[in-house]
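Notes follow the structure.
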Amino acid sequence: MIRVLVTTTSFQDTPGPHHQQLADAGYEMITARGPLSEDQLLELVGDVDAILCGDDVISEKVLKKALPRLKVISKYGIGVDKIDVKAVTEAGIPLGFCPGVNHTTVAEHVFLLMLALSKNFLEQADITRTGSWKRLIGHEIRDKTLGILGMGRIGKEVAIRGAAFGMKVIAHDVYWDEAFAASHNVKRAANVEELLAAVDVVSIHTNLSDSTRNLFNRRTFDMMKKGAVIINTARGEIVNTADMVEALASGSIGGFGTDVLDVEPPPADHPLLRAKNCIVTPHIGSRTYESVVRQAGMATDNLILMLQGKKPLAQVNEVAPIKPA
């Protein structure tokens, strides 16, 4: 019997047709509560044929332990920075993923964080909950300049919503959709430096790579207006934690709303959990019922197709379909 390791918790916890779809496929299911570290995965692989993963560390070491039985990997979601794609490809393992399923949900989460910071929402709600009645002064986001770093599906959804709030939108991406920018009045920044210098709020939607790791640090904060706000729903490692804590404490950065951290789940003493003007949510930007069902359905479709020796709906690497058992 084909054995499938499922690690993504939202897949497991959210009711939907994806559960029945896996049951009907007749696979033996092994579940674990991810995201899993390299050591945790090493204990689980070796006798599984497929992995339906979240943000688990699938390293070369994990792959060596998983082979030769492991045949396919289906990524629940978009980001594959925790997966050694090169090693997966060299092993001849097709890697499916789920583009285009969570852009609405993540874009909405961006504005949840943005508005909460601009209106002092959490502090005001906590004050009132204690029985006090202290009113703080917030800010409108209308007429503010919103910068978007990365104009893929999510970045475009953020641009549309920013315009609806009356914000001026400027963006930067190497790949530029001129038709979209023109129809939604999005100005193009020539580079990151030009983008950061212009904005009141910047929303990060780039992938994690060697060039973007720690991209937001003391040097780039100094390029920005004093008191600017940063929103991160991409990857925690794009923002240097120590520099951000320092910038928030000094007021150089006026607020930081993040759904992602450099360590997940974070230790209790992670400095951003208690930083000034900082809101941290537990990587739930795409965790709505609607989005989970879309992601889970696509990830399951990809898994079944690949195990049947067919091309998935979307594939990260250029690997030929397997020969089904």
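Things worth noting here:
- At R0 = 22 Å, FRET efficiency that the Cβ-Cβ distance of Leu122 and Lys225 yields, to 0.05: 0.40
- Charge dipole of the chain about the Cα centre (unit charges at C-beta), most positive-ward option of Ser74, Val202, Val316: Val202
- Amide N proximity, the stretch 1-40 versus Glu108 label position 7 Å along Cα-to-Cβ, cut-off under 18 Å: 10-11, 14-16
- Surface share of carbon and sulfur [accessible, 1.4 angstrom probe, percent] for the stretch 209-325: 54 percent
- Between Asp47 and Tyr175, the modelled label-to-label distance comes to 4.2 nm, taking each label 7 Å out from Cα in the direction of the beta carbon.
- When peptides 9-20, 159-170 are ranked by their average number of other Cβ atoms within 10 Å per residue, the highest-first order is 159-170, 9-20.
- Packing here is the average count of other Cβ atoms within 10 Å per residue, and on that basis the peptides 246-254, 52-60, highest first, run 52-60, 246-254.
- Rolling a 1.4 Å probe over the protein heavy atoms of the stretch 1-117, with every protein chain left in place, gives an accessible area that is 54 percent carbon and sulfur.
- For Lys226, the aspartates and glutamates whose Cα falls under 19 Å of its own Cα, not counting residues fewer than eight places away in the same chain, are Glu140, Asp143, Glu193, Glu194, Asp200, Asp243, Glu246.
- Listed residues Ile137, Ile284, Ile51, most fluctuating in the chain (Gaussian network, C-alpha, under 10 Å): Ile137
- Centroid-to-centroid, using Cα positions, the stretch 249-325 and the stretch 41-91 are 16 Å apart.
- Ordering of 285-293, 63-71, 175-183 by packing [mean C-beta count within 10 Å, highest first]: 285-293, 63-71, 175-183
- Solvent exposure of the chain, expressed per residue, is 48 Å² of accessible area, with all protein chains present and a 1.4 angstrom probe.
- Within straight-line cross-link reach of Lys71, lysines at Cα separation under 28 Å, skipping those fewer than 8 residues along the same chain: Lys61, Lys82, Lys86, Lys310, Lys311, Lys323
- Net charge of neighbours whose Cβ lies under 12 Å from the Cβ of Lys156, counting Lys and Arg as +1 and Asp and Glu as -1: -1
- Cβ-Cβ FRET estimate between Met29 and Ala268, R0 fixed at 35 Å, reported to 0.05: 0.60
- Summarising the label geometry, the points placed 7 Å from Cα in the beta-carbon direction at His139 and Phe165 lie 1.1 nm from one another.
- Theoretical FRET efficiency, 1/(1+(r/R0)^6), r = Cβ-Cβ of Lys310 and Asp13, R0 30 Å, to 0.05: 0.60
The values are calculated or read from the model by the stated rules, or taken from the named source; none is laboratory data. For clarity, every value in this text was computed on a predicted model and none was experimentally measured. Please note: Cβ atoms are built from the backbone with ideal geometry, for glycine as well, and neighbour counts cover all protein chains shown. Please note that ligands, DNA and RNA were not included when accessible areas were found on the heavy atoms of the full protein model with its side chains. Shrake-Rupley method; radii C 1.70, N 1.55, O 1.52, S 1.80 Å.
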